[in-house]
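Trainee: Below: one structure in structure tokens.
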Amino acid sequence: MSKYAFFRGQIVPIEKAQVSIMTHALNYGTGCFEGLRAYWNEQDQQLYVFRMTEHYERMHRSSRILHIQLPYTVDELNQITLELLRREGYRQDIYIRPLAYKADKIISVRLHDLTDGFAIFAIPFGRYIEREEGAHVCISSWRRVDDNAVPARAKITGAYVNSAFAKTDAMLSGYDEALVLTQTGHISEGSAENFFMVRDGHLITPLVTSNILEGITRDTIIVLAREEMGLHTVQRSIDRSEIYVCDEAFLTGTGVQVAAITQVEHRPVGTGTIGPVVSHLRELYFDVVRGRNPRYPHWRTPVYEKQG
């Protein structure tokens, strides 16, 4: 597990990275976070952080929405993260969690005139969904929070209660995940993942105005599909019934990576097994993030200095 964290401006032992029970963010969900992965390449003896700059650019945007003043630039956040990982010395796949939050110990529902805190920790991490090659999902009875209520394009800590409702109900009903609808009844995303389907040779994914997180893995898949497979991605509203008749479907995200959906409630997706498009995209994705594909070097940041 983690030995260190970046907390209050320095790297400290993880047990010293603590906040009070009175902390504003704990009481009101007034924080935002990122999720980054780093992948171990045994042949290179290297740990590669995937699309680190893009994640911290998004964190700056989330912070701006929450009236949080991040004290570090994107480049500084990159360097802090690399230093933390070097101190940890990981030689396995990991998940990195930066967190910006309202740190005051007060009872007051507001965002302005409060002290901001920031921390980073990293932990070993494998699969987010066990059945990545064939997840079974349901349509959640919980609707996705609206942009005019709690904007999903900001990774706001408190907003993930909405995700937790959907995920828990799905898993307690025997499913791996849930698909959540917008207030108008269209597909938004999974509980904490972006959604894609394949129909008639095209990738289709909900619009960024469908109360989704503007996913970095989502963008990665759009690029890989276009440049490596010649597949065009259509971004549009998706009716609930469309997923019952699509050829393939899958989820994307830093946590879930690329996970095939093979059943929606009691209906198989396509043949009911992982399809060729999702299989190819998964292979492409993992080759890129692990550094086995020489293309897209700008997406990978090596953690350790080369020896010799």
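The values are calculated or read from the model by the stated rules, or taken from the named source; none is laboratory data. As the structure is a prediction and not an experimental result, all values here were calculated from the model. Using ideal geometry, Cβ is built from the backbone for each residue, glycine included, and neighbour counts are taken over all protein chains shown. The protein model used for the area step is the full one, side chains on, heavy atoms only, and it has no ligands, DNA or RNA in it. Shrake-Rupley method; radii C 1.70, N 1.55, O 1.52, S 1.80 Å.
Trainee: Quick check: is even one residue across region 76-86 of a type in the set (Lys, Arg) and open to solvent by less than 10 Å² (accessible area, probe 1.4 Å)?
Mentor: Within region 76-86, the subset of a type in the set (Lys, Arg) is 86.
From what's left, open to solvent by less than 10 Å² (accessible area, probe 1.4 Å): none.
No, because not a single residue in region 76-86 is of a type in the set (Lys, Arg) and open to solvent by less than 10 Å² (accessible area, probe 1.4 Å).
Trainee: In region 287-308, which residues are outside any loop (DSSP other than H, G, I, E, B), in contact (Cβ under 8 Å) with a residue 60 or more places away in the chain and under 21 Å from Tyr128 (Cβ atoms)?
Mentor: Taking region 287-308 and keeping what is outside any loop (DSSP other than H, G, I, E, B), we get 287-289, 297-302.
Then drop every residue that is not in contact (Cβ under 8 Å) with a residue 60 or more places away in the chain, which leaves 288-289, 299-302.
Those that are outside any loop (DSSP other than H, G, I, E, B), in contact (Cβ under 8 Å) with a residue 60 or more places away in the chain and under 21 Å from Tyr128 (Cβ atoms): Val288, Val289, Trp299, Arg300.
Trainee: If you don't mind, there's one more thing I want to ask. So which residues in region 1-27 are polar (S, T, N, Q), within 19 Å of Thr157 (Cα to Cα) and free of Cβ contacts under 8 Å to residues at least 60 places away in the same chain, if there are any at all?
Mentor: If the condition is that a residue be polar (S, T, N, Q), within 19 Å of Thr157 (Cα to Cα) and free of Cβ contacts under 8 Å to residues at least 60 places away in the same chain, then Gln18 is the only one that fits.
Trainee: Taking region 45-74 as the region of interest, how many residues are touching a residue at least 12 places away in the same chain (Cβ under 8 Å) and open to solvent by 70 Å² or more (accessible area, probe 1.4 Å)? Please lay out each step first, then the result.
Mentor: Step one: filter region 45-74 for residues touching a residue at least 12 places away in the same chain (Cβ under 8 Å), giving 45-63, 65-72, 74.
So of that shortlist, the ones also open to solvent by 70 Å² or more (accessible area, probe 1.4 Å) come out as 45, 57, 61, 65, 67, 69, 71.
Summing the residues that are touching a residue at least 12 places away in the same chain (Cβ under 8 Å) and open to solvent by 70 Å² or more (accessible area, probe 1.4 Å) in region 45-74 gives 7.
Trainee: Name the residues in region 142-171 that are assigned to a loop (DSSP other than H, G, I, E, B), β-branched (Val, Ile, Thr) and free of Cβ contacts under 8 Å to residues at least 60 places away in the same chain, would you? Give the derivation first.
Mentor: Taking region 142-171 and keeping what is assigned to a loop (DSSP other than H, G, I, E, B), we get 144-155.
Now drop any that are not β-branched (Val, Ile, Thr), which leaves 145, 150.
Passing the criteria: only Val150.
Trainee: Please determine, by comparing only the residues of region 119-134 that are out of contact with any Leu (no Cβ under 7 Å at 6 or more places or on another chain) and of a type in the set (Gly, Ala, Ser), which one is modelled with the lowest pLDDT. First the steps, then the outcome.
Mentor: Within region 119-134, the subset out of contact with any Leu (no Cβ under 7 Å at 6 or more places or on another chain) is 121, 123-134.
Narrowing further to those that are of a type in the set (Gly, Ala, Ser): 126, 134.
Numbers: Gly126: 92, Gly134: 97.
Taking the candidates together, the pick is Gly126.
Trainee: Within region 217-229, identify whether any single residue is among the polar types (S, T, N, Q), out of contact with any strand residue (DSSP E or B) (no Cβ under 7 Å at 6 or more places or on another chain) and open to solvent by less than 20 Å² (accessible area, probe 1.4 Å), and answer yes or no. Let's see the steps before the verdict.
Mentor: Step one: list which residues in region 217-229 are among the polar types (S, T, N, Q), which gives 217, 220.
Right, trim to out of contact with any strand residue (DSSP E or B) (no Cβ under 7 Å at 6 or more places or on another chain) and you get 220.
Applying the additional criterion that residues be open to solvent by less than 20 Å² (accessible area, probe 1.4 Å) yields 220.
Taking every residue of region 217-229 in turn, at least one turns out to be among the polar types (S, T, N, Q), out of contact with any strand residue (DSSP E or B) (no Cβ under 7 Å at 6 or more places or on another chain) and open to solvent by less than 20 Å² (accessible area, probe 1.4 Å).
Trainee: Oh, and also: In the list Arg199, Arg153, which residue meets the criterion of being modelled with pLDDT of 95 or more and surrounded by 16 or more Cβ atoms within 10 Å (Cβ to Cβ)?
Mentor: Working: Arg153 fails: modelled with pLDDT of 95 or more.
Of the residues listed, the single one that is modelled with pLDDT of 95 or more and surrounded by 16 or more Cβ atoms within 10 Å (Cβ to Cβ) is Arg199.
Trainee: Tell me yes or no: at least one residue of region 230-238 is small (Gly, Ala, Ser) and modelled with pLDDT of 95 or more. Reasoning before the result, please.
Mentor: The first filter runs over region 230-238 and keeps only residues small (Gly, Ala, Ser), leaving 230, 237.
Narrowing the set further to residues that are modelled with pLDDT of 95 or more leaves 230, 237.
Taking every residue of region 230-238 in turn, at least one turns out to be small (Gly, Ala, Ser) and modelled with pLDDT of 95 or more.
Trainee: Conditions first: (1) open to solvent by 20 Å² or more (accessible area, probe 1.4 Å); (2) over 17 Å from Val49 (Cα atoms). Ala260 passes all but one, so which condition is the exception?
Mentor: (1)
Trainee: Further question: How many of the residues making up region 3-32 are open to solvent by 20 Å² or more (accessible area, probe 1.4 Å) and either under 21 Å from Phe125 (Cβ atoms) or within 19 Å of the chain's Cα centre (by Cα) (or both)?
Mentor: 7
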